[in-house]
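Step one of this worksheet: look at the structure below.
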């Protein structure tokens, strides 16, 4: 409850007219962003606490800590970019089944994705354009995005297992063909 | 060169062979086809004279273009077509600071348009207000629809207010309305509706019949003297203007079916599934 309150309060402050309309002074905009960011971090801890209870445990081991990537829209996620093997747990907050697409920034050119039912999930590797790429000064920005379909249940979650795959056959199946025109 | 047809099971988009711009959209299930031209344009901001009250500049509080024309970005456009088993994309570079990725996912009934705009150049000492502009041949009779607060859709009529006699002095911004989740136009005779959903609150309008425009980014050089005390001229840590990235979702359908499609989609966008990641120390067999 205490952790949730931080985001509630930040959202409350951001109901002020200048935050709603974007007419605040620049230093105030930074302050709103900081408050919201702190609130979101606290809520991520709450989600992790929930997953600790809900995810299946392997004997006495506790489930691994879930990490969040809030910059995937600029093709940036330290987990998916740097790890060759990871899981993605997708929570669906709507009370009906939804299907959606995940786009994860990655460095490898082919991956195996296995769904919660243990079956292979079709995936595609899409090159990240120079413009879409994250901060160029980063040591190893993602070159590709891994795209696949997820179907979490209503008000529930589904876990997908992702691992780098160097097989040529998988690479051929997942790659994207490009054609460029200048007008 | 030939027209490029980007299609999945439900939607087809045609990109023009000479300009590289989107020129047609088809709902394949309902056999609805409309000419649809999409491009990015910008209004020049009114510099104003704050010492005289009625000449307020375009600023944080006020969108006030210097004239009624929006200028297209004039450069050689580079278009990249990308095709794979799950998603087909068209990457368009309108200028060095404006790009767009149009996506059609397998099985999707909507088009995803991810725009990246900025840093808006101001070396010509001219503030700019950038819009994403859709032009169709729909007969809309000056009427369009926006949601007032993400809940209720309101009918808007160009140069008209329902409760008083309007003396319209700002033909562009006087017709702008908040779009918190969606804007649409419809042609009653053709029974066609074009809906655009957004991922954040923006301003938008239908300045000409059959057209939709949504403001995606602004950079002004003057304060509008309404209280904020500084121009809307944000810079990043590198001192350049901000780069903004967002998405618009396009739905073309008949009028009766559109509500169901855009309401479902909007709920899914607003309460999007939340992904989280964990490092894995085991192989798949151990994990399963």
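The values are calculated or read from the model by the stated rules, or taken from the named source; none is laboratory data. Keep in mind it's a predicted model, so treat the numbers as computed, not measured. Positions of Cβ are generated from backbone atoms using ideal geometry, with glycine treated the same way; all protein chains shown enter the neighbour counts.
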When segment B:16-40 is checked residue by residue, the ones that are under 17 Å from the mean Cα position of the chain (by Cα), in a strand (DSSP E or B) and crowded, with 18+ Cβ neighbours inside 10 Å are B:22, B:23, B:25, B:38, B:39, B:40
Kindly evaluate residue B:235 against the criterion of being in contact with a strand residue (DSSP E or B) (Cβ under 8 Å, 6 or more places away or on another chain) and modelled with pLDDT under 90.
yes
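Just a yes or no: is a residue in segment B:87-98 over 18 Å from the mean Cα position of the chain (by Cα), without any contact (Cβ under 8 Å) to a residue 40 or more places away in the chain and crowded, with 19+ Cβ neighbours inside 10 Å?
Taking segment B:87-98 as the starting set, the residues that turn out to be over 18 Å from the mean Cα position of the chain (by Cα) are B:87-88, B:96.
From what's left, without any contact (Cβ under 8 Å) to a residue 40 or more places away in the chain: B:87, B:96.
Of the ones still in play, those that are also crowded, with 19+ Cβ neighbours inside 10 Å are B:87.
Checking segment B:87-98: at least one residue is over 18 Å from the mean Cα position of the chain (by Cα), without any contact (Cβ under 8 Å) to a residue 40 or more places away in the chain and crowded, with 19+ Cβ neighbours inside 10 Å.
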Any hit, segment B:240-249, residues being more than 13 Å from chain A (Cβ to nearest Cβ) and either in a strand (DSSP E or B) or over 27 Å from residue A:69 (Cβ atoms) (or both)
yes
What number of residues in segment B:200-233 are surrounded by fewer than 17 Cβ atoms within 10 Å (Cβ to Cβ) and over 25 Å from residue B:171 (Cβ atoms)?
4
I need the full set of residues from segment B:174-189 which are more than 27 Å from residue B:58 (Cβ to Cβ), assigned to a loop (DSSP other than H, G, I, E, B) and in contact with a helix residue (DSSP H, G or I) (Cβ under 9 Å, 6 or more places away or on another chain), in order please.
B:188
Unique match (being within 21 Å of residue B:114 (Cα to Cα) and modelled with pLDDT of 95 or more) among B:192, B:216
B:216
All positions within segment B:49-86 that are more than 7 Å from chain A (Cβ to nearest Cβ), assigned to a strand (DSSP E or B) and closer than 19 Å to residue B:23 by Cα:
B:71, B:72
Turns out the strands (runs of 3 or more DSSP E) fully within segment B:87-173 with at least 1 residues that are out of contact with any strand residue (DSSP E or B) (no Cβ under 7 Å at 6 or more places or on another chain) are B:87-95
Would you mention how many residues in segment A:75-92 are surrounded by fewer than 18 Cβ atoms within 10 Å (Cβ to Cβ) and in contact with a strand residue (DSSP E or B) (Cβ under 7 Å, 6 or more places away or on another chain)?
2
Which condition from (1) farther than 21 Å from residue A:74 by Cβ; (2) in contact (Cβ under 8 Å) with a residue 60 or more places away in the chain; (3) at the interface with chain A (Cβ under 10 Å from one of its Cβ atoms) is the one that residue B:284 breaks?
(2)
The residue that is surrounded by the fewest Cβ atoms within 10 Å (Cβ to Cβ), considering only those in segment A:1-48 that are touching a helix residue (DSSP H, G or I) at 6+ places or on another chain (Cβ under 7 Å) and not in a helix (DSSP H, G or I), is A:14
Residue list for segment B:1-28, restricted to those being over 24 Å from residue B:77 (Cβ atoms) and without any contact (Cβ under 8 Å) to a residue 60 or more places away in the chain
B:28
Residue A:55 - would you say it is surrounded by 13 or more Cβ atoms within 10 Å (Cβ to Cβ), facing chain B (nearest Cβ under 8 Å) and at negative phi?
no
Could you grab me the full set of residues in segment B:119-142 that are within 16 Å of the chain's Cα centre (by Cα), surrounded by fewer than 21 Cβ atoms within 10 Å (Cβ to Cβ) and closer than 19 Å to residue B:244 by Cα?
B:133
Check segment A:83-100 and report whether any residue there is more than 29 Å from residue A:47 (Cα to Cα) and touching a helix residue (DSSP H, G or I) at 6+ places or on another chain (Cβ under 8 Å).
no
Select from segment B:54-83 the residues that are under 17 Å from residue B:169 (Cα atoms) and surrounded by 14 or more Cβ atoms within 10 Å (Cβ to Cβ) and list them in ascending order.
B:56, B:57, B:58, B:62, B:63, B:64, B:65, B:66
Has segment B:250-267 got at least one residue that is in contact with a strand residue (DSSP E or B) (Cβ under 6 Å, 6 or more places away or on another chain), assigned to a helix (DSSP H, G or I), at the interface with another protein chain (Cβ under 7 Å from one of its Cβ atoms) and over 30 Å from residue B:127 (Cα atoms)?
no
What residue, of B:139, B:190, B:157, is without any contact (Cβ under 8 Å) to a residue 40 or more places away in the chain and farther than 30 Å from residue A:130 by Cβ?
B:157
